Amino acid sequence: MGGWLVFGGAGSLSGLLAAANTPTSDSLSAAFLICGADRHVNCVVDGDTFWFQGEKIRVADIDTPELSPPRCEAERIRGEAAKARLLALLNSGKFSLSAGSRDEDKYGRKLRTVTRSGRSLGDNLIAEGLARRWDGARHPWCD
């Protein structure tokens, strides 16, 4: 331990702690469908919310257009596209879920970052124009 500190280990302590909270390999998967009135297991609600193994998950690092209800037709169209893309991403292979500083939101959804091979699936949705980075507040999707 002393040698680790002498050779610069203390400077990399924050990186080491971050790595300890990051899953080392993707091990989660399921066959996801779109949620229905009676379906709440392994299904997608909208572009940033899904059910996995009986738990409702809110993708913590993004915000997508609302679907219930959308405030305009453009929001509905983009929200449906985000929902379909999240479904495709979740069904594209194994993934990991990581908790952040808060475990749940005010609606009781588990707040999790969803990653595959260390990359956030939320980043995919942002890059495709279907989501925004979550900054703690909702912003309108209608012009």
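Only the coordinates and a few stated rules stand behind these numbers; no lab work does. This is a predicted model, so every value here is computed, not measured. Cβ atoms come from the backbone with ideal geometry, glycine included; neighbour counts cover every protein chain shown.
Taking label points 7 Å from Cα along the Cα-to-Cβ direction, E55 and D26 give a separation of 1.9 nm.
Which net charge results for the neighbourhood of R102, defined as the other residues with beta-carbon distances under 14 angstrom from its beta-carbon, given Lys and Arg at +1 and Asp and Glu at -1?
After counting each charged neighbour, the total is +1.
Across all C-alpha atoms in the stretch 26-104, the radius of gyration and Dmax reach 12.6, 38 Å.
A31 sits among other residues whose Cβ lies under 13 Å from its own Cβ, and their net charge, with Lys and Arg +1 and Asp and Glu -1, is +2.
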